[in-house]
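In what follows, a structure is listed as structure tokens, so that the remarks can point back to it.
Read-outs: derived from the displayed coordinates by stated rules, not from any lab. All values reported here derive from a predicted model rather than from experimental measurement. Every residue, glycine as well, gets a Cβ built from its backbone with ideal geometry; the counts of neighbours run over all protein chains shown.
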Ligand SMILES: NC(=O)CC[C@H](N)C(=O)O
């Protein structure tokens with residue numbers, strides 16, 4: 001499994017996620033500058049978090065127009081794997097590779113703290129090393145993490161099992177209090193219809209080593225390692 005990490009100007013989580021990927025995949029990811037357009041040999045495209053283009057316009061709106069995104073979109077259309085975390089999730093929605101949008105947090109404040117996520121399905125390439133219903137801790141750090149989609153789209157996502165993770169309290173209950181950014185139906189992560197593209201707002205890559213304070217995020221990267229290359 002060869003991972004490739006797309007690097008946009010202003011992205012700042014590329015080294016964190018490279019470390020997490022290398023720790024699980026046992027192979028150093030390729031760093032791909034946003035002007036590149038050749039993804040040959042890359043099985044998993046990762047769009048990391050950060051502040052691409054300084055969050056001018058909407059978060060992710062400019063990155064979505066970068067040359068590399070045409071190649072990322074073609075990779076997904078061929079059935080390739082794509083993971084977008086935080087700004088990466090925003091970029092995937094701006095590129096219309098995932099439905100919905102990430103709006104300003106409901107309280108209009110940047111949120112930097114841990115949250116709890118519930119695994120809504122454990123039969124995907126991103127979640128196979130978790131249990132369904134498992135609750136795990138993940139750091140979040142965003143100003144625009146308020147997932148929005150119209151009611152029909154939300155019903156379709158729920159009906160087709162494309163909600164990957166939800167914000168919950170420590171006991172696993174979906175509650176308003178656990179939904180700090182105000183996301184529709186507590187949605188923290190969304191899958192594409194073929195289950196090969198995942199957008200996720202919190203940062204599992206920042207809990208993959210006891211030195212970071214925990215390893216709750218490691219199963220996500222171990223899941224990717226477990227599938228090998230399809
Ligand atoms: N950590 C991130 O990727 C942040 C994403 C984006 N800059 C926001 O504030 O919402």
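Within segment 42-77, the only residue that satisfies the criterion of being away from the ligand (no atom under 16 Å from the Cβ), surrounded by fewer than 23 Cβ atoms within 10 Å (Cβ to Cβ) and within 15 Å of the chain's Cα centre (by Cα) is 76.
Among the residues of segment 181-204, those that are more than 19 Å from residue 220 (Cα to Cα) and buried (at least 20 other Cβ atoms within 10 Å of the Cβ) comprise 181, 183, 186.
Candidates are the residues of segment 130-162 that are within 21 Å of residue 79 (Cβ to Cβ) and not in a loop (DSSP other than H, G, I, E, B); the one that is nearest to the ligand (Cβ to nearest atom) is 157. Limited to segment 1-29, what total is found for residues that are within 23 Å of residue 202 (Cβ to Cβ) and either assigned to a loop (DSSP other than H, G, I, E, B) or in contact with a helix residue (DSSP H, G or I) (Cβ under 8 Å, 6 or more places away or on another chain) (or both)? Selection size over segment 1-29: 19. When segment 150-180 is filtered for residues that are under 17 Å from the mean Cα position of the chain (by Cα), surrounded by 15 or more Cβ atoms within 10 Å (Cβ to Cβ) and over 21 Å from residue 205 (Cα atoms), the ones remaining, listed by number, are 157, 162. If you go through segment 78-97 and pick out every residue that is surrounded by fewer than 21 Cβ atoms within 10 Å (Cβ to Cβ), under 18 Å from the mean Cα position of the chain (by Cα) and free of Cβ contacts under 8 Å to residues at least 40 places away in the same chain, you end up with 1. Just to be sure before I move on: is residue 32 touching a strand residue (DSSP E or B) at 6+ places or on another chain (Cβ under 7 Å), within 21 Å of residue 75 (Cβ to Cβ) and either within 16 Å of the ligand (Cβ to nearest atom) or part of a helix (DSSP H, G or I) (or both) in the structure I sent? It is false that residue 32 is touching a strand residue (DSSP E or B) at 6+ places or on another chain (Cβ under 7 Å), within 21 Å of residue 75 (Cβ to Cβ) and either within 16 Å of the ligand (Cβ to nearest atom) or part of a helix (DSSP H, G or I) (or both). Looking only at residues of segment 108-129 that are under 25 Å from residue 152 (Cα atoms) and either in contact (Cβ under 8 Å) with a residue 60 or more places away in the chain or in a loop (DSSP other than H, G, I, E, B) (or both), we find that the one that is nearest to the ligand (Cβ to nearest atom) is 117.
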